[in-house]
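Trainee: Let me begin by handing over the structure; questions about it come next.
The values are calculated or read from the model by the stated rules, or taken from the named source; none is laboratory data. Given the structure is predicted, the values throughout are model-derived calculations rather than measurements. So basically every Cβ, Gly included, is an ideal-geometry build from the backbone, and we count neighbours across all protein chains shown. Note: areas computed on protein heavy atoms with side chains; ligands, DNA, RNA excluded. Shrake-Rupley method; radii C 1.70, N 1.55, O 1.52, S 1.80 Å.
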Amino acid sequence: MLNCRDVAHEASDYIDHNLSWWRRLMFHLHLFICVKCRRFVSHVHITRDFLRQRGPLKASDAEVQQVMTNIDNDKPHQD
Amino acid sequence: MTDSIDSIDQDRLRQQDHKAFEALVSQLHIPMVSVARAIIGDSLAEEVVQEAWVSAYRNLPRFEGRSSIKTWLFTIVSNEAKSRLRKEKRMVALEDITQDGSVDYLSADRFQRFGGHWKVPPPDWHLDSPDQLLEERHLQKCIDHTVSILPPQQRAVFILRDIEQQALAEICNILEVTESYVRVLLHRARLKLMQVIDRYQETGEC
């Protein structure tokens, strides 16, 4: 039987479906009886989905410009 | 906000169209830097990424689309970083995850010594959906800051998996680490960010 500490360590594997079927069953059983772990796993789930929905971290204009300048400088050396 | 990489025309990229390439750089420069940092460390990462972008641009006409453009670029920067690592004869150690005490949810103090039940349970959240969290601008800044100070390998894994949605197997290839290690790093990164949300829900501050 899993305890709350185990759940805290494996919550991402649970929500990402990376646990074996047996471990997943044990997880389900624990969540069935433990409201605190249900809250914890729900928060991990919300956190993951929130972070995914935020979208990509965009580079600043200066960072993009630096790359484009290097590419322009490289052009004469092509071929 | 959705990923707009798909909206960049791959034919224009193959023709080395500047505007299309700029859009690609804007979307993927930060993940590229995070990959380089995780492999070679801070001091050489920026230089490696610049070389990777130049190399990618030169090779765009030969990009066949067998993998996604993201995976192709992450592989280029990963190979540049690994090759530079060999040239410099440097070693970058794996992060010692057993000594990382910054994940409060995994600390022994959170649990009863016998039985492993919560001693300090997770708090209730009044904002309890991704959509509600997305509306909090100050929280977004807190999250950006925390992502920027994650340890390099944790940051790279988090960005590759949760932001860029690369498969675990791809991430293992890009960073040359095992899948179990990737999963541990990802969980730790998420919990650190979850702690930021906990604090924000309680105080309205980072």
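Trainee: In square angstrom, what is the accessible area per residue of chain A with a 1.4 angstrom probe?
Mentor: Values: 4180 Å² over 79 residues.
Result: 53 Å² per residue.
Trainee: Another one. Could you state the per residue volume, in Å³, of the convex hull enclosing the Cα atoms of the stretch A:1-45? Before the final figure, lay out the partial values.
Mentor: Details: hull volume 2.6 nm³, N = 45.
Residue-normalised Cα hull volume stands at 57 Å³.
Trainee: Here's another thing I want to ask about it. Can you give me the P(r) profile for the protein assembly as shown? Cα pairs, bins 10 angstrom wide beginning at 0, each as a whole percent.
Mentor: Pair shares across the bins are 6, 26, 32, 22, 11, 3, 0.
Trainee: In whole angstrom, note down how far apart the Cα centers of the stretch B:159-206 and the stretch B:1-52 are.
Mentor: Using only Cα atoms to place each centre, the spacing works out to 20 Å.
Trainee: Averaged over all directions, how much area does the convex hull of the C-alpha atoms of chain B cover when projected, in nm²?
Mentor: 13.5
Trainee: Which value in Å does the Kirkwood hydrodynamic radius of the stretch B:97-203 take, with 1/r averaged over all unlike C-alpha pairs and then inverted? Walk me through the numbers on the way to the answer.
Mentor: Values: mean 1/r = 0.0656 Å⁻¹.
Value: 15.3 Å, from the Cα pair sum.
Trainee: Oh, and also: With a 1.4 Å probe on protein heavy atoms only, tell me which residues of the stretch B:22-41 lose at least 20 Å² of accessible surface in the complex relative to the chain by itself.
Mentor: Flagged in the stretch B:22-41: B:GLU22, B:VAL25, B:SER26, B:GLN27, B:HIS29, B:ILE30.
Trainee: Can I get the semi-axes of the stretch B:1-82's equivalent ellipsoid? Compute them from the C-alpha gyration tensor as square roots of 5 times the eigenvalues, in angstrom, largest first.
Mentor: In descending order the semi-axes read 21, 14, 11 Å.
Trainee: With a 1.4 Å probe, what is the total accessible area buried between chains A and B, in Å² rounded to the nearest 100?
Mentor: 4800
Trainee: Let me have the 222 nm mean residue ellipticity of chain B computed from DSSP H runs of 4+ only, each contributing -39500 (n - 2.57), with the sum over all residues rounded to the nearest 500.
Mentor: Numbers: 9 runs with 122 residues, N = 206.
Only helices count here, giving -19000 deg cm²/dmol.
Trainee: Per residue, how much accessible surface does the stretch B:5-87 expose to a 1.4 Å probe? Answer in Å², no decimals.
Mentor: Numbers: 3580 Å² over 83 residues.
On a per-residue basis, 43 Å².
Trainee: Treat each spin label as a single point 7 Å out from the Cα along the C-beta direction, and report the B:GLU202 to B:SER68 distance in nm.
Mentor: The answer from the label model is 3.6 nm.
Trainee: Share of the stretch B:1-60's accessible area from carbon and sulfur, percent, 1.4 Å? Don't jump to the answer; show the numbers that get you there.
Mentor: Working: 1090 of 2480 Å².
Summing carbon and sulfur atoms, their accessible area is 44 percent of the total for the stretch B:1-60.
Trainee: A further question on this structure: Give the Rg (one decimal place) followed by the Dmax (whole number) of the stretch A:4-77, computed from C-alpha coordinates and expressed in Å.
Mentor: Over the stretch A:4-77's Cα set, Rg and Dmax evaluate to 21.7, 68 Å.
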